[in-house]
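Read through the structure below, which is laid out as structure tokens, and then see the notes.
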Amino acid sequence: MADGSLRMRIDLPAPASEPAWPDDVVVRTFRPDDGAALHALLEHGYRHGGGSVAPLAAWYPALTGDREFDPALVVLVEGADGLAAASICWTSGFVKDLVVHEAWRRRGLGEALLRRAFQTFDERGAGGVELKVEAGNAAAIRLYERVGMRVVERLP
Ligand SMILES: CC(C)(COP(=O)(O)OP(=O)(O)OC[C@H]1O[C@@H](n2cnc3c(N)ncnc32)[C@H](O)[C@@H]1OP(=O)(O)O)[C@@H](O)C(=O)NCCC(=O)NCCS
């Protein structure tokens, strides 16, 4: 598996493409009482790698107290049984977390969340959107390339 991580970027405006959501989900932004469920989704999504998350008691105040936190940039996708997916972006145009519950993978939620982030940051006048991904996370890198992101830096 490749070591290190990659910084990837897309310049905005991105080629127009509306997010396409499955019919059986509700998409909304963060509310303060979402903390525990969002944290559980991150723990689940990262348990085989791809990222990491601090314990809830440290993670929640660090997230909501960050100067780049904006609840409008935390997008949650709810399925009938709870959270199906989420993305957390910082105001600088950085995708901090992108996680889809295993039961919901390969239905386009990752792609739709990214396209929604591109739209949101374009509306805010940002010049681009960036993220970091582990160099060995092939599924995520394929997704990012499919939506038009390119590697701009290799990090040790
Ligand atoms: C990476 C991740 C977010 C992708 O989420 P996802 O919702 O499965 O992504 P998508 O459904 O948009 O695309 C994934 C694959 O499903 C395919 N797909 C999308 N919609 C589909 C559909 N309706 N039917 C069949 N396949 C579909 C895509 O073509 C893609 O195929 P590929 O991997 O062969 O290229 C998810 O795997 C995940 O949460 N991983 C763990 C956490 C992680 O690594 N996050 C990234 C950190 S940088």
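Coordinate-derived values only; no laboratory data. Note that the coordinates shown come from a computational prediction; the quantities given were computed from them, not determined experimentally. Here Cβ is always computed from backbone atoms with ideal geometry, including for glycine, and neighbour counts include all displayed protein chains.
Structural remarks
- For the options Ala84, Ala126, Ala37, a Gaussian network treatment of the chain with springs between C-alpha atoms closer than 10 Å singles out Ala37 as fluctuating the most.
- Fewest-first sequence of His48, His39 by Cβ atoms within 10 Å of each Cβ: His48, His39
- Hypothetical label at Ala72: residues of the stretch 89-131 whose amide nitrogen lies under 15 Å (7 Å Cα-Cβ projection): 89-93, 117-126
- Where Rh is the Kirkwood radius over Cα pairs, Rg/Rh for the stretch 34-87: 0.95
- Relative contact order (%) - the chain, alpha-carbon pairs under 8 angstrom, separation at least six: 41
- On full extension, the segment bounded by Ala80 and Ser92 gains 1.1 nm, given 0.36 nm per residue less the C-alpha separation.
- With a Förster radius of 30 Å applied to the C-beta separation of Ala40 and Ala138, the computed FRET efficiency comes to 0.75.
- For the chain, the C-alpha radius of gyration sits at 0.98 times the compact-globule guess of 2.2 N^0.38 Å, with N the residue count.
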